[in-house]
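*Asks:* Please find one structure pasted underneath; my questions will follow.
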Amino acid sequence: MALVEERPKERGGTLVERVPPSYWVLAVLLLIMPAFASDFTLFQIFGWTFILGMIALSLMFLAGYGGMVSLVQMTIAGLAGYMVAILGSSAIDISMGWPWYINIPLAIMIAALFGTIVGALAVRTDGIYTIMITLAIASAFFYFTRQNYVIFNGFSGFNGVLPPQLFGVDWRSATAFYYLTLFWAVLSFLVVLYVSRAPFGLALQGVRDNPRRMAALGFNVNAHRIAAYTFASVIAAIGGILLTWQSAQISPGTAGIGPVIDILVIAVIGGMRRPIGPFIGAFIYVLLKTFAIDVLIALGLSGDRFQLLIGLSFLVIVFWSPDGILGLWDRWQENRGKDPLTGDRS
């Protein structure tokens, strides 16, 4: 009888213990952030971090769990942003003005369909060829939107793309937008964490490690990979819509070659093995992009050297840890308590 009564307590205690204490501290800190942070910090620093983190998370899911490095995630995000601008309302007459409960789900579905088609093409390749075909598609999308004026309004794109006024809240105000992006970032993080431990995620990791054995066991390797592209595309699409609302505009440069590569850099800097990595990389990237230019100018250097600074930071982190910041953290944790001479734990 005692054993029956103790099991729920042990099970509950185990669930709580699975969450590291640092995560609880971070959760509380993020929830109370608007109480002491400025509007600029909430809207520009953290809002942008959460959005780029979501887009990089979609890349991390494909690369980390599926072994597929896709450079088309920012393109999918840009397509979702374009669809919200075209199907919804903007300052451009091309927009159709459909209500939010139609244009937002439709934008996500169109972006997910595009990502699925890209995935169906990309899974037939491997390694460097996957990178090249997704980069080629991203480049084609950039030049097509830049030259097409009938649908995408060419080089200018769309401006005045604002989030809907739901519940009487201005969702583009600093605090409201912060909580909006925080909600979707946390939800995306938790969903990816859940899927990675679900049967589909475990099968996808098996496909990553040994596709021939998984095929021999009866798993459809290509179907799992294409489904992974669809799932990742939904996350990237939501991030693209939030990014469009943040800047209130969408243009070909939003999904240009530079931003496409930046998403890869963000994912690699943070770490490609855990879902928290892309958000760490996004935070570092946003801090550098926001403040590094001012530092360079103060030192008498050209602000154009910002990309050089990003590149050097990327090289340093990858040189010391191919697994990014999280890899450095893991290495430091492993070395704690070790004897500096023998390497044995004390």
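*Asks:* Give just the number: which of (1) surrounded by 19 or more Cβ atoms within 10 Å (Cβ to Cβ); (2) within 18 Å of Ala80 (Cβ to Cβ) does Thr230 not satisfy?
*Replies:* (1) is the only condition that Thr230 fails.
*Asks:* Yes or no: Phe219 outside any helix (DSSP H, G or I), among the aromatic types (Phe, Trp, Tyr) and in contact with a helix residue (DSSP H, G or I) (Cβ under 9 Å, 6 or more places away or on another chain)? Explain how you work it out, then say what you get.
*Replies:* Numbers: outside any helix (DSSP H, G or I): yes; among the aromatic types (Phe, Trp, Tyr): yes; in contact with a helix residue (DSSP H, G or I) (Cβ under 9 Å, 6 or more places away or on another chain): yes.
When the stated conditions are applied, Phe219 passes them.
*Asks:* Listed residues Leu202, Leu217; which is without any contact (Cβ under 8 Å) to a residue 24 or more places away in the chain, surrounded by fewer than 24 Cβ atoms within 10 Å (Cβ to Cβ) and under 23 Å from Ser188 (Cα atoms)? Talk me through it step by step, then tell me what you get.
*Replies:* Working: Leu217 fails: under 23 Å from Ser188 (Cα atoms).
Unique residue meeting the criteria: Leu202.
*Asks:* Return the total of residues in the range 94-142 being without any contact (Cβ under 8 Å) to a residue 24 or more places away in the chain, surrounded by 13 or more Cβ atoms within 10 Å (Cβ to Cβ), part of a helix (DSSP H, G or I) and not hydrophobic (A, V, I, L, M, F, W, C).
*Replies:* Residues meeting the conditions: 1.
Table: residues versus (1) in contact with a helix residue (DSSP H, G or I) (Cβ under 8 Å, 6 or more places away or on another chain); (2) in a helix (DSSP H, G or I); (3) not polar (S, T, N, Q).
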position	(1), (2), (3)
Gly47	yes, yes, yes
Ile55	yes, yes, yes
Ser58	yes, yes, no
Phe61	yes, yes, yes
Thr75	yes, yes, no
Leu79	yes, yes, yes
Met83	yes, yes, yes
Ser89	no, no, no
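*Asks:* Report, by residue number, each residue of the range 145-175 that is part of a helix (DSSP H, G or I), out of contact with any Leu (no Cβ under 7 Å at 6 or more places or on another chain) and in contact (Cβ under 8 Å) with a residue 24 or more places away in the chain. Spell out the reasoning first.
*Replies:* Here is the first cut: in the range 145-175, the residues part of a helix (DSSP H, G or I) are 145-147, 174-175.
Adding the requirement that they be out of contact with any Leu (no Cβ under 7 Å at 6 or more places or on another chain) leaves 145-147.
The answer is Thr145, Arg146.
*Asks:* Going by the structure shown, is Leu166 among the hydrophobic types (A, V, I, L, M, F, W, C), more than 22 Å from the chain's Cα centre (by Cα) and loosely packed, with under 15 Cβ neighbours inside 10 Å?
*Replies:* Details: among the hydrophobic types (A, V, I, L, M, F, W, C): yes; more than 22 Å from the chain's Cα centre (by Cα): yes; loosely packed, with under 15 Cβ neighbours inside 10 Å: yes.
Here the answer is yes, as Leu166 does meet what is asked.
*Asks:* Moving to a separate point now. Pick out the one residue from Thr230, Thr181 that is closer than 23 Å to Gly47 by Cα and β-branched (Val, Ile, Thr). Steps first, answer last, please.
*Replies:* Values: Thr230 fails: closer than 23 Å to Gly47 by Cα.
Testing whether each residue is closer than 23 Å to Gly47 by Cα and β-branched (Val, Ile, Thr) leaves just Thr181.
*Asks:* Hey, another quick one. Given the criterion at pLDDT below 95 and surrounded by 16 or more Cβ atoms within 10 Å (Cβ to Cβ), identify the matching residue among Gly53, Gly64.
*Replies:* Working: Gly53 fails: at pLDDT below 95.
One residue alone meets the criteria, Gly64.
*Asks:* Here are the criteria: (1) part of a helix (DSSP H, G or I); (2) at pLDDT 75 or above. Tell me which single one Arg305 does not satisfy.
*Replies:* (2)
The values are calculated or read from the model by the stated rules, or taken from the named source; none is laboratory data. In this text the structure is predicted, and so the values were computed from the model without any measurement. Here Cβ is always computed from backbone atoms with ideal geometry, including for glycine, and neighbour counts include all displayed protein chains.
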